[in-house]
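Reviewing the structure listed below.
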Amino acid sequence: MRAPNINEGDKVVLFDGVCKLCSGWAKFLIRFDRHRKIKLATVQSGVGREILTFYGLPQDTYETMVYLEGGKLYVQSAAFLKVMSLLPFPWPMFSVFWIMPKSLRDWLYDRIALNRYELFGRNKYCLMPDVDHESRYLSKSKTRRFM
């Protein structure tokens, strides 16, 4: 069974829309994902919350980016590296970090993720897509659910 509001073949990044670092990450993806492979959703949105619930993830604290592809859930460093592999050169070169032990990669990821508000700050409001970027975001009206 597929998560709600995700179509077959969708590649989805869930991110914290009030985190300045995370919002910058979403803007980075919009800029460099020229082939529009990646869909975005904030964890604060209705769609984001439904996906978090489906996977049994907390909805009140956000400690990691979530990446979904082919029904599989990726978090922490694995999510970051999977997403980077979808972007054009030179970004897939980050794949070299797959050789590091997962525990070390995730420890490094957590040092930034768990301190992101202190390091980068918070937006007063959740990031909303520009009109030009609306098609990059998941929405209930643009997706279908298949069992």
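Structure notes:
- Selection within segment 66-75 - crowded, with 18+ Cβ neighbours inside 10 Å and either acidic (Asp, Glu) or at pLDDT below 90 (or both): Glu69
- Counted residues, segment 27-42 - those being buried (at least 21 other Cβ atoms within 10 Å of the Cβ) and touching a Lys or Arg at 6+ places or on another chain (Cβ under 7 Å): 2
- Meets criteria (closer than 16 Å to Arg136 by Cα and open to solvent by 40 Å² or more (accessible area, probe 1.4 Å)) for Gly24: no
- Looking only at segment 1-20, residues that are of a type in the set (A, V, I, L, M) and either surrounded by fewer than 18 Cβ atoms within 10 Å (Cβ to Cβ) or in contact with an Asp or Glu (Cβ under 7 Å, 6 or more places away or on another chain) (or both) come to 1 in all.
- Among the residues here, Gly56 qualifies as at positive phi and open to solvent by 60 Å² or more (accessible area, probe 1.4 Å).
- The listed residues are Glu69, Glu63, and the only one of them that is in contact with a helix residue (DSSP H, G or I) (Cβ under 9 Å, 6 or more places away or on another chain), acidic (Asp, Glu) and over 21 Å from Phe120 (Cβ atoms) turns out to be Glu69.
- Within this structure, Val12 fails the test of being more than 20 Å from Leu119 (Cβ to Cβ), touching a residue at least 12 places away in the same chain (Cβ under 8 Å), in contact with a Gly (Cβ under 9 Å, 6 or more places away or on another chain) and not acidic (Asp, Glu).
- Residue count for segment 1-41 under the criterion of being under 21 Å from Ala78 (Cβ atoms), over 10 Å from the mean Cα position of the chain (by Cα) and modelled with pLDDT of 90 or more: the result is 5.
- Of residues in segment 95-123 being among the charged types (D, E, K, R) and in contact (Cβ under 8 Å) with a residue 60 or more places away in the chain, the one surrounded by the most Cβ atoms within 10 Å (Cβ to Cβ): Arg116
- Some residue of segment 43-55 being within 25 Å of Arg2 (Cβ to Cβ), of a type in the set (A, V, I, L, M, F, W, C), at pLDDT below 85 and assigned to a loop (DSSP other than H, G, I, E, B): no
- Among residues of segment 76-94, those that are touching a residue at least 40 places away in the same chain (Cβ under 8 Å) and within 11 Å of the chain's Cα centre (by Cα), counted: 2
- Test: residue in segment 61-75 that is part of a helix (DSSP H, G or I) and within 12 Å of the chain's Cα centre (by Cα): no
The values are calculated or read from the model by the stated rules, or taken from the named source; none is laboratory data. Just so it is clear, the structure is predicted and the values come from calculations on it, not from any experiment. With ideal geometry, Cβ positions are generated from the backbone for all residues, glycine too; neighbour counts draw on all protein chains shown. Ligands, DNA and RNA are stripped out before the accessible areas are found, and what is left, the full protein with its side chains, is counted by its heavy atoms. Shrake-Rupley method; radii C 1.70, N 1.55, O 1.52, S 1.80 Å.
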